[in-house]
Amino acid sequence: MSLVDHHCVHGAAALDDAAIQSLLPDVPDWHLTGNRLEREFVFRDFHETMEFVNALAFMIHREDHHPDLTVGYRRCTAAWTTHSAGNRLSENDFICAAKADALYAGRAGA
C-alpha cells in the first residue's frame, strides 16, 4: 500500500532518522527543513494556485493534520510537522505530503 492509501492517526509517534530516510523516496519532491517536511508548488496563475489550496484544505481537513501554508500569486508552500509528536516528523506528515503530491499531479492544466 502506498502512502496515499493510508490515513492519518491521532497521536502518531515521532519517527527516528532511519524511518524518515526510508520514507523520503516516497515523496521525492519534498525536502527536510529542520524538523519539517516542506515543498513549494508552482502554478500558472493565482486562480490555479487557489484551486489547489482549496483542494488541499479539503484533504487536510479530512485527514485532520494541518501544515503551515504560505500562499502567493503563483506559489504555495506546505510544511508539515507533527505537533503532538514534539514538533517532529511522524508518518502523518509523509501521508499528507503524498496526498498533496497526488492533488498537484491531478490538478487541471497539469
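Values quoted throughout were computed directly from the atomic coordinates according to the rules given, and no laboratory measurement underlies them. What you see is a predicted model, and the numbers here were worked out from it, not measured in a lab. Quick reminder, even Gly has a Cβ in these numbers, built from the backbone with ideal geometry, and neighbours come from all protein chains shown.
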Backbone HN-Hα couplings from phi across region 34-46 [Karplus 6.51/-1.76/1.60, Hz, Gly and Pro as x]: x, 9, 10, 9, 9, 8, 9, 9, 10, 10, 6, 7, 5
What is the set of long-range amide H partners of Ser90 at a cut-off below 5 Å, with H atoms built 1.01 Å from backbone N? Leu15, Thr82
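Quick one: net charge of His10's neighbours, Cβ under 13 Å, K/R +1, D/E -1?
Numbers: positive: none; negative: Glu63, Asp64, Glu91.
Net charge in that neighbourhood comes out at -3.
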In deg cm²/dmol, rounded to 500, what helix-only [θ] at 222 nm does the chain give when every DSSP H run of at least 4 residues adds -39500 (n - 2.57) and the total is split over its residues? -11500 deg cm²/dmol
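Compute the length gained on full extension between Phe58 and Leu32: take 0.36 nm times their separation in residues and subtract their Cα-Cα distance, giving the result in nm to one decimal. Could you put the intermediate results ahead of the total?
Details: separation 26, 0.36 × 26 = 9.36 nm, distance 2.42 nm.
Computed gain between Phe58 and Leu32 is 6.9 nm.
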I'd like the orientation of helix 91-105 relative to the chain: the angle between its Cα long axis and the longest Cα principal axis, in ° from 0 to 90, rounded to 10. 20
So for each of 88-95, 23-30 I average, over its residues, the number of other beta carbons within 10 Å; can you give me the resulting order with the highest mean first? 88-95, 23-30
Near the amide H of Phe41, under 5 Å away, which other amide H atoms are found, from residues 5 or more places off or on another chain, if H is placed in the peptide plane? Cys76, Thr77, Ala78
